[in-house]
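No lab work stands behind these numbers, since they all come straight from the coordinates. These numbers come from a predicted model, not from an experiment. Ideal geometry is used to build each Cβ from the backbone, glycine not excepted, and the neighbour counts take in all protein chains shown.
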Amino acid sequence: MKRPKTQDERDLLLYESRLLRPVRLKTPEFERGGRIRHVIFSGQFSVPFLEELAGIADMIRLMSKSREGQDFLINLLPHKRAMLYFTQPSTRTFLSFMAACQVLGITCNEVRDPSTSSETKGETRFDSIRMFSSYFDVIIMRSPIARLAESCAYLMNDLDSTGNRSVPIVNAGSGADEHPTQALLDIYTLQRSFQFASPKDSPTANKFDELRERKGYAGLTKGLPHKTIGFCGDIGRGRTVRSLAMLLALYEGVRLVFVAPNHPKLAMRDDLRHRLLDRKVCFHEVESFEDTLDGRPVIEQLDALYMTRIQKEHNDPADAASMASIDFSRYGLTPELVGRMKEYAPILHPFPRDQHFGEIPPEIDNDPRAMYFRQARNGMWIRAALLAHVFDADRLISRHFMTDYVERHNYND
Ligand code: NCD
């Protein structure tokens, strides 16, 4: 980091030695009593945790279908208040967190525009965060500054260890760095899709046995292990890609294919490459869907495809000039390309999609493989499950579901 000029910069520097540690040394600090307290990066989740969280999200989803279930959920956390501190544009993440809070009865408050907060009077971000922790019980934050959420978690831990009030921090997107809760909803969408159970979640629901008899699908299994997942677009600056790739790396035999222009800002960054290499994940970097994988074009080999938009807002004039010769049409889907994909392969996108770039033209929305609207709705359920976990209400949800709900509604039949 360059020489700090402001207190904000000095504050971040204070935590630099902690920020630079390997993930495995940091994660215990984000937990309390064996439960996740601060949600900072996807490297802190394990497969059993992801399974457990998906189970809670499924229960919340089902309970929300009835008035009685909604009443139970809304009475779980009415004594909790959340601060949504979003100083970077957001629609889905903000609204789905708000809706998730509302499902559980948590009261929401927001600061979205720093010009309406005391930061314009010279207040540091750390002072703002500490103030929020005086009034609220969780801080859900999005910031253009990489690692700010992580530093705020250390601030909260330091306050805690000196006997001061301290609340959980949830990272809702930190610069180009990480977006762990988006990765949770992406994984949840893939988990549901690869169950091949419901037509809303899978393009080929209830056709699993039939699929396995088809030419080319013989080795198909349920679940995430051994799947080939493609990522296309702005891999370098896409924090959702970074967070999801690290989660997929947890599953046995998963293979990742990154389809991006060979440009330093758009292709995979070294830190992600090194993390994947460290984990011995099999991955390929290609420049087009037509490049080959196991002797066939990539587009025909994917079990799922994660599209992203090109994040032009981060371009400086030199980037724009150096990108002028790139053929970007290769990084957009067409009905013809989708037609060549595996019949069961879901198409995801963190959204927003860019209508001008057209990485997913609306003609594709009616294809059963288009899972992005479902994926956005899944965000509300998985975020509700996550907040229930953070506030220790998940056990109450599963107890209620197992006794009252399952018996009364008998979903086991
Ligand atoms: C993304 C983000 O903000 O990182 N969107 C999201 O949270 N759903 C991706 C983007 O802006 O392209």
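For the cross-link pairs K227/K342; K227/K280; K215/K280; K207/K342, which exceed 19 Å when the distance is taken from alpha carbon to alpha carbon? Going by Cα-Cα distance, K215/K280 fall outside the 19 Å limit.
The simple Förster model, with R0 at 25 Å and r as the Cβ-Cβ distance, assigns S288 and E52 a FRET efficiency of 0.05. Once the C-beta distance of Q195 and R67 is scaled by a Förster radius of 25 Å, the resulting FRET efficiency is 0.35 to the nearest 0.05. If R0 equals 22 Å, the separation of the Cβ atoms of R212 and N366 corresponds to a calculated FRET efficiency of about 0.25. Gain on full extension, evaluated as 0.36 nm per residue between A205 and T116 minus their Cα-Cα distance, stands at 27.2 nm. Using the Karplus relation 6.51 cos²θ - 1.76 cosθ + 1.60 with θ = phi - 60°, the per-residue 3J(HN,Hα) values for region 83-93 come to 9, 9, 9, 10, 9, 9, x, 6, 10, 5, 5 Hz, with x marking Gly and Pro. Overall shape: oblate for the chain, with the ratio a/c of the largest to smallest alpha carbon gyration tensor axis at 1.5 or above and b/c at least equal to a/b. Antiparallel beta bridges, as assigned by DSSP with both residues in the chain, represent about 15 percent of the total such bridges. From least to most packed, judged by other beta carbons within 10 angstrom and beginning with the fewest, C282, C108, C101, C152 follow the order C282, C108, C101, C152. Relative contact order, whole percent, for region 180-375 stands at 23, derived from Cα pairs under 8 Å and 6 or more residues apart.
Is the C-alpha gyration tensor of region 180-375 telling us rounded, prolate or oblate? Criteria: a/c under 1.5 is rounded; beyond that, a/b larger than b/c is prolate, otherwise oblate.
Here region 180-375 falls in the prolate category.
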